[in-house]
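The values are calculated or read from the model by the stated rules, or taken from the named source; none is laboratory data. Bear in mind that the values here come from a model prediction, so they are computed numbers and not experimental data. Cβ atoms come from the backbone with ideal geometry, glycine included; neighbour counts cover every protein chain shown.
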Amino acid sequence: MKKIAGVLLLLAVIAFGAMLGLNLEKLRPQQEQDAYAENIEDIRNLQALDASWSLATLQTYTTPNSDFDQVASFLPQVRELRNRLATGDLSADEVPDAIKNKLNRFLLLIESKEESIEQFKSNFAVVRNSIKYLPLASQTLTARLRQLGDQEQAQRITAIFDRTNAFLQNPDEGTQMRLLMELSKMNEDLMSFPEEIVNPLGNFISHARVLVERKIQLNSSINDVAAQNARKVGDELISLYKSYHEKAREQALARHLETYQLVLIWATLLVIAGLISAFLLWLAARQFDAKLEKRVAERTEEIEQAAAKASDSLVGKNLDSSLAGMGNMAATVAHEINTPLGYLDSNLQVLHSGMEKMQLLMNEFVTLKKDLRETEDAGQINARLENFGALVQNIKDEAMLDELPEIIDDMQEGVQQIQHVTNDLRDFTRKDRSPQDWFDIEQCVTSALKMAQKEIPPETKIITSLKNLPKVYGSPAEINQVLMNLITNAAHAVEAAGRDKGSITIKAVEQKGHILVSVMDTGQGIDEKTRSKIFEPFFTTKDVGKGTGLGLAIVRRIITAHGGKVFIKSIVGKGTNFIFTLPVKRQPGEE
C-alpha cells in the first residue's frame, strides 16, 4: 500500500508538470504576436528615417557650402533599428520563409542605402573643392596669357571653362569624353608653354579634370540614393506580418481552449489522487519525515538549476545590451572623427597642388645656381634671373597661396579635434589607476584652476573657500581631472549665458566623515530632461566638434572608484552646482 501511495503521488506530480509545460508551450504565440507588433513599429520608423535621410542628402547636394553633419545624424538611428530587426525574435524555424526573405531584402535595401550615401559624401567633397578653386585658376591663367599677348590660348581656356560649367549643369558622357580628351591633349603639351604659364595651366587642368571625371559619378550616387526607396518593400513586409499575425491569433485561441479542457481534467484527477495519497500516507506517518526530507533536497536542487538557467539568461541579456551600447559608441566616435578627417582630406589635395608649384620653383633655383657657377655670360644669367623672378611672381600671384595659412590652421584644428576625442575615450575606458597617495584638496583646486585658465572668460570672478581640510588618500591626478572637467564646464556655462560678469564658486567642507567639494556657476542652468542624461557617455549639448560627451561620465567613474558620489543641482536661468564627496581616511598616528 505504501508503494502504491508513493507511485500515485509521483504520477500526480509528473502529470501536473507536464500540464504546466504544455500550457506554457501554448502561450508562445502570444509572445510571437508581441514580437510582430514591435517589428512593425521598427519597420515604420525605418521607412520614415529612410525618406528623411534621402531628403537630407538631396538638400546637401543642392547646397554648395553644406557639410555632412545633417546626413550623418541619421546613421546611429538607422543602424540601431536595422540591427534590432536583424537580431529580433522572428528568427525561429516556424516563421514562414516568405517573411524571412522579405525582411532580409528590406534590411539589404537599408544597408545598400548606407553604402550609396558614403559614395555620395566622398564624391561630393572632391567636386565641391574643385568647384571652389576652378574659377580662380581660370581667372589667373587667362590673365597671365593676355599679359603675354596669347589671346588665342586665353580664349581656349575661357571656352573650356565655360564648357565645364555647362557640363556641370547638364552632364553627359559625350561631353565628358570630349572634355577629357581636350584636357589630356593640353596636359601633353604642357611643357611647350612658357614657364610662367606651366603652373597656372597645370592647376587649371587638375581642377577641370576632377570636375569632369567626378560629376557623373556624383550624379550617379545621388540617383542611387533617391532610387533606393524602402517604403514599398516595407509595406509588403508589414502586410505579411499582419496576415501571419491573424493566423497566429486563431491558432492560439484554439490551442488555449484545448489547454483549458486538459487543465480541468487533470485538476479533477489530481484532487482524487491527492485524497487517496493523503489517506495512504497517513498510514505511513513514521516514514513520511524521511521521504519529505529527501523530496525537499530534490526540489532544492531543481530550484538551484532553475536559478542557474535564469542567471545564464540574464548574462545573455546584459551582453546584448552591452553590444548595443558599443554600437552606439562606435557610431558616435566615427561621426566625431570622420568630420575633421573630411576637412583634412580636402585640404591635403590643395596642399599637394601647392607643393608641386614649390617643387618647380626649387628646380628653377637649382638651375639658376648652376648657371651662376658655370657661365660668365651676363646676358644668359640675366635671362635666367628674369625667368626665376617671373616664376616667383607667378607663385606670389596665386591666390591659393594666400589661403595656405588658413588651410593649415583648419588642418591643425581637425587634428586637435581627433586628439580630443581619442584622449577622452582613453580616459573613459582606462582601467589602470594613477599612483595614490595623501594629497591636499586645496592644492588640487589651485592646479585645476591654472590648467583651465584659458577656458575661463577674463571677466569671470573666481571665489574659493577651502580652508582647514584634512588630507585625502587617493589619486591626486584623477581628482585634478575631475576638477578640471567641472571648472571647464562651469566656464562654458557662464560664457554661454552671455553675462558680462559671471562667477565660479569652489567650496569644500568636511562633514560626517566625508569631504564635500562644490563647483557652482552662474550660467544658464540645466533643465530636468538634460539632467537625467548628463552623466551618460557621449551625451552632450555642445555643437559637433566641441565636445565628446565623456567629461561628466569620466567624473562619475573617478569619484565612484574613490568611494564617493556625484550630485547636481541646477535652476534654469540661474546656474548649476556640481557636488562630489570623498571619504576621509585618517593617516597612521592621526587622531
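Arg144 meets the stated requirement of being over 40 Å from the mean Cα position of the chain (by Cα), touching a residue at least 60 places away in the same chain (Cβ under 8 Å) and either outside the structural domain of Phe193 (by TED's automatic domain parsing) or buried (at least 17 other Cβ atoms within 10 Å of the Cβ) (or both). Among the residues of region 202-241, those that are modelled with pLDDT of 80 or more, surrounded by fewer than 16 Cβ atoms within 10 Å (Cβ to Cβ) and not polar (S, T, N, Q) comprise Asp235, Glu236. So, Gly174, is that one at positive phi and without any contact (Cβ under 8 Å) to a residue 24 or more places away in the chain or not? No: the conditions fail for Gly174. Kindly check whether there is at least one residue in region 245-255 that is under 31 Å from the mean Cα position of the chain (by Cα) and modelled with pLDDT of 70 or more. For region 245-255, residues under 31 Å from the mean Cα position of the chain (by Cα) and modelled with pLDDT of 70 or more: absent. So which pairs qualify, if the first residue must be in region 467-478 and in contact (Cβ under 8 Å) with a residue 12 or more places away in the chain and assigned by TED's automatic domain parsing to the domain that holds Val555, the second must be of a type in the set (A, V, I, L, M) and assigned to a loop (DSSP other than H, G, I, E, B), the Cβ gap must be under 7 Å, and the two must be at least 6 apart or on different chains? Note: pairs meeting the criteria are Pro470/Val584; Val472/Val584.
Please verify whether Leu469 is closer than 16 Å to Thr576 by Cβ and among the aliphatic types (A, V, I, L, M), treating the condition exactly as stated.
On the way: closer than 16 Å to Thr576 by Cβ: no; among the aliphatic types (A, V, I, L, M): yes.
Answer is no for this residue.
Asn104 fulfils the conditions (1) modelled with pLDDT under 80; (2) surrounded by fewer than 17 Cβ atoms within 10 Å (Cβ to Cβ) except for a single criterion, (1).
Considering only residues that are closer than 23 Å to Ile456 by Cα and among the polar types (S, T, N, Q), which ones fall in region 470-524? Across region 470-524, the qualifying residues are Asn480, Gln481, Asn485, Thr488, Asn489, Ser503, Thr505, Ser518, Thr522, Gln524. All conditions in (1) within 22 Å of Lys121 (Cα to Cα); (2) assigned to a helix (DSSP H, G or I) hold for Ile197, with the sole exception of (1). Among residues of region 363-383 being among the β-branched types (Val, Ile, Thr) and under 20 Å from Asn199 (Cβ atoms), the one that is nearest to the chain's Cα centre (by Cα) is Val366.
Among residues of region 422-446 being among the aromatic types (Phe, Trp, Tyr) and touching a helix residue (DSSP H, G or I) at 6+ places or on another chain (Cβ under 8 Å), the one that is modelled with the highest pLDDT is Phe439. Once region 548-591 is narrowed to residues that are on the phi > 0 side of the Ramachandran plot and either in contact with a Cys (Cβ under 6 Å, 6 or more places away or on another chain) or crowded, with 18+ Cβ neighbours inside 10 Å (or both), the residue that is modelled with the highest pLDDT is Gly575. Return a yes/no flag: does region 201-219 have any residue that is more than 41 Å from the chain's Cα centre (by Cα) and either farther than 30 Å from Val78 by Cα or touching a residue at least 40 places away in the same chain (Cβ under 8 Å) (or both). Among the residues of region 201-219, at least one is more than 41 Å from the chain's Cα centre (by Cα) and either farther than 30 Å from Val78 by Cα or touching a residue at least 40 places away in the same chain (Cβ under 8 Å) (or both), which makes the answer yes.
What number of residues within region 188-219 satisfy the criterion of being among the β-branched types (Val, Ile, Thr) and more than 21 Å from Lys357 (Cα to Cα)? It would help to see each step written out before you state the result.
From region 188-219, those among the β-branched types (Val, Ile, Thr) are 197-198, 205, 210, 212, 216; that's our starting set.
Still in the list and also more than 21 Å from Lys357 (Cα to Cα): 212, 216.
Number of matching residues: 2.
Looking across Ser184, Ser130, Ser122, Ser138, one residue alone is farther than 16 Å from Glu213 by Cα, out of contact with any Cys (no Cβ under 6 Å at 6 or more places or on another chain) and part of a helix (DSSP H, G or I). It is Ser138.
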